1. If you average the sequence gap of Cα pairs under 8 Å that are 6 or more apart and divide by the length of the range 242-355, what percent do you get for the contact order?
2. Summarise the long-distance tail of P(r) for the range 166-276 by giving the % of C-alpha pairs beyond 20 Å.
3. In whole Å, what is the distance between the alpha-carbon centres of the range 204-222 and the range 266-292?
4. Give me Rg/Rg_expected for the range 115-194, where Rg uses Cα atoms only and Rg_expected = 2.2 N^0.38 Å with N residues.
5. Quick one: Kirkwood hydrodynamic radius for the range 222-283, alpha-carbon pairs, angstrom, one decimal?
6. Which net charge results for the neighbourhood of Ala265, defined as the other residues with beta-carbon distances under 10 angstrom from its beta-carbon, given Lys and Arg at +1 and Asp and Glu at -1?
7. What is the local net charge at Thr70, summed over the other residues whose Cβ is closer than 10 Å to its Cβ (Lys, Arg +1; Asp, Glu -1)?
8. Rank the residues Ser284, Ser201, Ser78 as a footprinting-exposure proxy: fewest other Cβ atoms within 10 Å of their Cβ go first.
Amino acid sequence: MIAKDVTAPTEAKERQPLYPDYLPHYDPLEKIVPVGRFEHEDPGHRADPNKPNLLKNATKVFELSPHCGTEIQGVQISELTTEGLDEMALMCAERGCLVFRDQDFGNIGFAKQKEIARHFGPLHKHGWMPHPKAAVHSSETEEFVIVYDSKEDLRIRKGWARKSPIQFHVDQSPEVQPPGMTFFCMLESPPGAGGDTLISSMTRAFERLSPSFRKRLEGLQALHTTAGPVSRELRDNGNGAVLRRPINSAIHPVVTVHPVTGKKALFVNSSYTERIIGWDDEESEYLLRFLFDHVNRGQDFCCRVRYEPGTVVVWDQRITQHSQTLDYQPGNRRHAFRLTPLANVPIPSKIEEDDGQCAQEEERVILNLC
Ligand SMILES: [Fe+2]
């Protein structure tokens, strides 16, 4: 295992970035064409449940917490076969997230990185987060999301200046087909400790609720929208704001079913879920606040991933939520990239029979958004 960099903070601040090709570029004029609807076949369906291809070179496999997270040592993601990647999808669906150490993933180039991630679905193109600097205006990198926090780029810090950085969320849940498997590759992490990711099991979050309360949630739908993050991008960056596409919204079940495991999961998050469809404002706010607090309190169903150089974390957004920590010293460099394959239209855990009023309300909400 590569040792954690313990360089003194002042020294690290002056060091040049290790991955200049992956430095962030913000282009306020850039536009993108969203992926659009597609048929999704989950690789996890094809996987051998014993995972012989994924784990044959593993030297150590251990759980990070009982309900979420498994660390796998000795396996190079870049060397996995198609069957190995299928098994990764299944294991991730079972455990929520997988942590791989000492990876060469950050050094194999844009094309190979995308090829591996695309195994799990077409890659999402982000509406406001930066792309790599190396290939601006090139289709080569428009699917990359760069996370960069350093003394020369305080954009992330600025964005969180007036709220808690602990915000459990699903990346891009307002997509009609939100992300499934997601790759987060750490290029440079702060010296010493800090910048961990908290990942929480929404399967367990749902199971922890009482049976009658779970029944009440099933059949409900909620509106997810990028309106909040887009307005913050404008507020924080003014003329330099990046808005590659208009605000997008989608209505999803409050409780979903994973297409491979069949397990139910809570699918509302504080970053994007705005309201419960068909409920009055006060009712909706009351329920969502309870559910967000339930996730925030869920120390017993989340894990904490500490990064080392070469760490790659993959998580399944359909059954987890995650949060940054932003606990390291301002000015220290944290540099990572994310590739975000899209997956299935969320599957409702239960389809309520109704008299059509819910559909009318759904139509009204959509019309008001347009
Ligand atoms: Fe995220």
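1. On the way: 58 pairs, mean separation 46.8, N = 114.
Worked out over the range 242-355, it gives 41 percent.
2. Numbers: 3240 of 6105 pairs.
Looking at the range 166-276, the distances longer than 20 Å represent 53 percent of pairs.
3. Cα centres, the range 204-222 to the range 266-292: 13 Å.
4. Working: Rg = 14.4 Å, N = 80, 2.2 N^0.38 = 11.6 Å.
Rg over 2.2 N^0.38 Å, computed on Cα atoms: 1.24.
5. Details: mean 1/r = 0.0735 Å⁻¹.
In the range 222-283 this quantity evaluates to 13.6 Å.
6. On the way: positive: Arg204, Lys263, Lys264, Arg318; negative: Glu207, Asp316.
Result for the local shell: +2.
7. Working: positive: Arg95; negative: Glu63, Glu71, Glu94.
Every neighbour counted, the sum reads -2.
8. Working: Ser284 19, Ser201 30, Ser78 14.
Fewest-to-most Cβ neighbours within 10 Å comes out as Ser78, Ser284, Ser201.
Only the coordinates and a few stated rules stand behind these numbers; no lab work does. On a predicted model such as this, the values are computed, not experimentally measured, just so you know. Glycine gets a Cβ as well: all are built from the backbone with ideal geometry, and neighbour counts include every protein chain shown.
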